[in-house]
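Remarks on the structure that follows.
The values are calculated or read from the model by the stated rules, or taken from the named source; none is laboratory data. Since the model is a prediction, treat every value here as computed from it, not as a measurement. A quick note on method: Cβ atoms are made from the backbone with ideal geometry, for glycine too, and the neighbour counts reach across all protein chains shown. The area values use the complete protein model at the heavy-atom level, side chains included, leaving out ligands, DNA and RNA. Shrake-Rupley method; radii C 1.70, N 1.55, O 1.52, S 1.80 Å.
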Amino acid sequence: MRDKIVLRSFARTRIFTFGALLAAGTVLLAACTADGVLRPAVDVGTGTASIRPKIDTNRSQLVQRAGFPSLTRIEPGLMPEEELQCRTRLRKLGVTFRDLPPIDDGGGCRVDYPIEVTGLPRGVELTPGATLNCKFAEAFASWTKNELNPSSKRRYFSGVRQIRQGSSYSCRTIGNKRGGRLSEHAKGNALDVMDVTLKNGKKIAVRRPGLFAFRQRGLLNSVRGDACSYFTTVLGPGYDRAHKDHFHFDLMERRNGYKACR
């Protein structure tokens, strides 16, 4: 009789132990579900441009605790080589920029590897910061360095301190026409320049100059002419009412390499 009691007690102990192990295993499995594990921030094996920047969570938390803004860290292996090389060229030009998360607002409004540009060669400030693709940013920086800055020095004996832009990335059609063709702004492939401030404090607005504003007219004419070597579209005052107060630059791809400089 005593042996039977011992066997029953032993069996109950084994059942309790098994039950405890089963419960613990259930908890562990629940912790390992998609909600409990940090998902990779990359679409693996798709071969598309939907790859997103990989965020170093631990480093981001350390940076925030240290009192610095959180930064998105993009691993070199997650970005095409041409994008990496473009960023290297931007740094050599002296451009101040930071990488942004991919933009996809639907309807073709998309920039896979956008950057925000706040500074241009020779210490020129771009305000507000412009959201662009890297290829356009490189063209605009090169034009600022090689054409705009020297032109202002020739005519006003002063370099450029600041460029104020009115539109960089913007999800819209050309002229905001409903059902119209998508603007290059929707690809981060365009920039509108509203005015230029020189280092001597003089502000040059982009609009038709007065009759005797010879230096301003000369500078704006140089901007329009020289920019055609860097962009495929240059539109400004005199083209139409929509461009009466700014220059529009973009890198639209057209058949036969056609350029629109007006």
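5 Å is the cut-off here: which amide hydrogens, built 1.01 Å from N in the peptide plane, fall below it relative to Ser158, excluding neighbours closer than 5 in sequence?
Lys153
Averaged per residue, what accessible area in Å² does the stretch 108-262 show with a 1.4 Å probe, protein chains only?
Heavy-atom accessible area per residue stands at 49 Å².
Among the chymotrypsin sites (Phe, Trp or Tyr not before Pro) in the stretch 196-234, which ones are in a DSSP loop with at most 13 other Cβ atoms within 10 Å of the Cβ? Mind listing them?
For chymotrypsin sites (Phe, Trp or Tyr not before Pro) across the stretch 196-234 that sit outside H, G, I, E and B with at most 13 neighbouring Cβ atoms in 10 Å, the list reads Phe212.
If you take every residue apart from Arg155 with its C-beta less than 14 Å away from the C-beta of Arg155, what net charge results, scoring Lys and Arg +1 and Asp and Glu -1? Numbers along the way, then the final one.
Working: positive: Lys153, Arg154, Lys199, Lys202, Arg215, Arg217; negative: Glu147, Asp226.
Value of the local net charge: +4.
Please pull out the direction-averaged projected area of the stretch 130-217, using the convex hull of its alpha-carbon atoms, in nm² to one decimal place.
Averaged projected hull area, Cα only: 6.7 nm².
I'd like the distance separating the alpha-carbon centroids of the stretch 117-173 and the stretch 215-250, in whole Å.
Cα centres, the stretch 117-173 to the stretch 215-250: 13 Å.
Taking a point 7 angstrom from the Cα of Glu125 along the C-beta vector, which residues in the stretch 131-173 have backbone N less than 11 Å away?
Under cut-off, by backbone N: 161-164.
Taking 8 Å as the Cα distance limit and 6 or more residues as the minimum spacing, I'd like the relative contact order of the stretch 116-262 as a percentage.
21
Arrange the peptides 172-179, 150-157 so that the one whose residues have, on average, the most other Cβ atoms within 10 Å appears first.
Values: 172-179: 10.8, 150-157: 16.2.
In descending order of packing, they fall as 150-157, 172-179.
Once you sort the root eigenvalues of the Cα gyration tensor of the stretch 73-230 as a ≥ b ≥ c, which label holds: rounded (a/c under 1.5), prolate (a/b larger than b/c) or oblate (the other case)?
Oblate, since a/c reaches 1.5 and b/c is not below a/b.
Once the piece of chain linking Leu84 and Arg172 is laid out straight, how much longer is it, given 0.36 nm per residue of separation minus the C-alpha distance between them?
28.9 nm
Ordering Lys203, Lys92 by how much accessible area each has at a 1.4 Å probe, largest first, what is the list?
So the residues, ranked largest to smallest area, are Lys92, Lys203.
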